[in-house]
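Participant: Please see the structure below; I have some questions.
The values are calculated or read from the model by the stated rules, or taken from the named source; none is laboratory data. Because the structure is predicted, anything quoted here is derived from the model rather than measured. So basically every Cβ, Gly included, is an ideal-geometry build from the backbone, and we count neighbours across all protein chains shown. Just so you know, the surface numbers come from the protein's heavy atoms only, side chains and all, with ligands and any DNA or RNA stripped out. Shrake-Rupley method; radii C 1.70, N 1.55, O 1.52, S 1.80 Å.
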Amino acid sequence: MYIDTHCHLSKEDYNDIDLVIKENKENKVNRIIVSGCTKENIIEALELANKYEDIYLTIGYHPSEVNEITDHDLELLEEQIKANSKVVGLGEIGLDYHYGKEDMELQKELFRKQMNLAEKLHLPVVIHSRDATEDTINILKEFPNVIGDIHCFSGSVETAKIYISMGYKIGIGGVVTFKNSNLYKVVEEIGVENIILETDAPYLAPVPVRGKQNSSKYIPYIAEKVAEILNISKEKVAEITTNNAVSLFDLK
Ligand code: NI
């Protein structure tokens, strides 16, 4: 059994959600954690989790939403988390200096506020960090009681080891299957004990479906690549990464 620890699922991208869930099951992807990270798609994600047993959620405001979010929205987020037992973490939250360099200070403020909320509610966080490694690490260090995962990790072996030493898991997705991906070295060095699997669907479909719309059902392709790099069986990768996800997100 597999868990897709990070995906986006919206009627805007998938017109038949029943079919998505059915195909996931056929591919042994029995649980998925949908990330709701704008005001609008948090509402949709909550509805989906209500309807489908297999769907869990992380919710939180993405750094690209920084100019939309008021303190009132943060209060609303807290209420939504408290009212829904299927919310298992906050995210994706973090810093994006690739697209949002002009908002750096505001992004850091929003990130800190949501880290505070995670600490208060004893929930793990799902971190989005793009071109912002140093500031991300520094802010995470301010919250030593919070753990989580580094979503769609694409940094160096050294950076991965710093996050791991702080109690974080490394989210490995379809990029690991791409030719010339440096994730090969990262996976080899950190081992399966520190990894959770994710698709980030509908984005970043793995080889051999690269370029198509991604879906949680493709998680086994990512597991297969990790197994190949570490020279262990795909079943072992499934077992350990699933245990990692169950324990990080405290899934029942
Ligand atoms: Ni994402």
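Participant: Can you tell me the mean projection area, over all orientations, of the convex hull of the range 74-150's alpha carbons? Units nm², please.
Facilitator: 4.9 nm²
Participant: Sticking with this structure for a sec: What's the carbon and sulfur percent of the range 2-249's accessible surface, probe 1.4 angstrom, rounded to a whole number?
Facilitator: Within the range 2-249, the accessible surface is 47 percent carbon and sulfur.
Participant: Still on this structure: Given R₀ = 41 Å, FRET efficiency for Lys28-Leu106 by Cβ-Cβ distance, to 0.05?
Facilitator: Efficiency, rounded to the nearest 0.05: 0.45.
Participant: Counting only helical runs of four or more DSSP H residues, what would the 222 nm mean residue ellipticity of the chain come to if each run contributes -39,500 (n - 2.57) and the total is spread over all its residues? List each step's numbers first, then the result.
Facilitator: Numbers: 9 runs with 108 residues, N = 252.
Estimated from H runs of four or more residues: -13500 deg cm²/dmol.
Participant: Okay, next question. Hey, can you rank 180-189, 147-156 by average C-beta count inside 10 Å, highest first?
Facilitator: For the peptides 180-189, 147-156, the packing ranking is 147-156, 180-189.
Participant: What do you get for Rg/Rh over the chain if you use C-alpha atoms and the Kirkwood form of Rh?
Facilitator: Values: Rg = 16.8 Å, Rh = 18.0 Å.
A ratio of 0.94.
Participant: OK, next. Leaving out ligands and nucleic acids, note down the accessible area per residue over the range 1-131 with a 1.4 angstrom probe, in whole Å².
Facilitator: Roughly 48 Å² per residue, with all protein chains present.
Participant: Note down the relative contact order for the chain as a percent, whole number, built from C-alpha pairs under 8 angstrom at least six residues apart.
Facilitator: Relative contact order, the chain: 20 percent.
Participant: If N is the number of residues in the range 159-210, what value comes out of its Cα radius of gyration divided by 2.2 N^0.38 Å? Mind dumping the intermediate values first?
Facilitator: Numbers: Rg = 11.5 Å, N = 52, 2.2 N^0.38 = 9.9 Å.
Normalised Cα radius of gyration, the range 159-210: 1.16.
Participant: How about the range 66-133: which chymotrypsin sites (Phe, Trp or Tyr not before Pro) there are in a DSSP loop, with at most 10 other Cβ atoms within 10 Å of their Cβ?
Facilitator: Counting only loop positions with at most 10 other Cβ atoms within 10 Å, none of the chymotrypsin sites (Phe, Trp or Tyr not before Pro) in the range 66-133 qualifies.
Participant: Among 66-78, 223-235, 165-177, what's the highest-first ranking by average C-beta atoms within 10 angstrom per residue?
Facilitator: Order by mean packing, descending: 165-177, 223-235, 66-78.
Participant: For the range 11-58 and the range 62-141, what is the centre-to-centre distance using only Cα atoms, to the nearest Å?
Facilitator: Between the Cα centres of the range 11-58 and the range 62-141 lies a distance of 21 Å.
Participant: Let me ask something additional. If N is the number of residues in the range 142-252, what value comes out of its Cα radius of gyration divided by 2.2 N^0.38 Å?
Facilitator: Compactness ratio reported: 1.01.
Participant: What does the charge count around Gln107 come to, taking other residues whose C-beta lies under 12 Å from its C-beta (Lys +1, Arg +1, Asp -1, Glu -1)?
Facilitator: -3
Participant: Also, quick follow-up: Can you figure out the FRET efficiency of Asn231 with Asn84, using R₀ = 41 Å and their beta-carbon distance, to the nearest 0.05?
Facilitator: FRET efficiency, Asn231 to Asn84: 0.50.
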